[in-house]
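Please treat every number below as a calculation from the coordinates, not as lab data. Computed from a prediction, not measured in an experiment: that's the story for all the values here. So basically every Cβ, Gly included, is an ideal-geometry build from the backbone, and we count neighbours across all protein chains shown.
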Amino acid sequence: MTTCSDTLASEPYETGWADEALVFVRIHEIEKGAILQGKVQVSVDGITWVDEGTVFSPMEKVGDYFVKVKEFGGWLRLVLEPNAEKNYKVTTYLVLKG
């Protein structure tokens, strides 16, 4: 579980072997008025990142959220961006299937 008030990028995952991914966000706590935007990013080398195009619906309540991703290449990560500097507490998961 991570507590944050700014943009959060997950650890990069090497995913070249996988055919699909499920990306989960569990919001444990979120400050009133905070809205998180989540997006999936890809990378050829795990260093330089570009938006893959898959985005989460805006997240503003405690709960679980997920998206499905296919055809993503070698590396994946999740980025969460709040609409303002407001505190939130999350756990992120990346589930890969080959």
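If a residue must be aromatic (Phe, Trp, Tyr) and in a loop (DSSP other than H, G, I, E, B), how many such residues does the stretch 63-86 contain? Total satisfying the criteria: 1. Looking at the structure I just gave you, is Asp51 charged (D, E, K, R), part of a loop (DSSP other than H, G, I, E, B) and over 19 Å from Ser5 (Cα atoms)? When the stated conditions are applied, Asp51 does not pass them. Would you confirm, using the coordinates I've provided, whether Gly16 is more than 17 Å from Val95 (Cβ to Cβ) and small (Gly, Ala, Ser)? Against the criterion (more than 17 Å from Val95 (Cβ to Cβ) and small (Gly, Ala, Ser)), Gly16 does not qualify.
Name the single residue, out of those in the stretch 67-80 being touching a residue at least 60 places away in the same chain (Cβ under 8 Å) and among the aliphatic types (A, V, I, L, M), that is surrounded by the fewest Cβ atoms within 10 Å (Cβ to Cβ). The qualifying residue surrounded by the fewest Cβ atoms within 10 Å (Cβ to Cβ) is Val79. Of Val23, Val50, all but one fail to be of a type in the set (A, V, I, L, M) and out of contact with any Leu (no Cβ under 9 Å at 6 or more places or on another chain); the exception is Val50.
Counting the residues of the stretch 1-48 that are without any contact (Cβ under 8 Å) to a residue 60 or more places away in the chain, under 13 Å from the mean Cα position of the chain (by Cα) and surrounded by 17 or more Cβ atoms within 10 Å (Cβ to Cβ) gives 6. For the stretch 53-66, residues that are free of Cβ contacts under 8 Å to residues at least 40 places away in the same chain, surrounded by fewer than 19 Cβ atoms within 10 Å (Cβ to Cβ), in contact with a Phe, Trp or Tyr (Cβ under 8 Å, 6 or more places away or on another chain) and not small (Gly, Ala, Ser) total 1.
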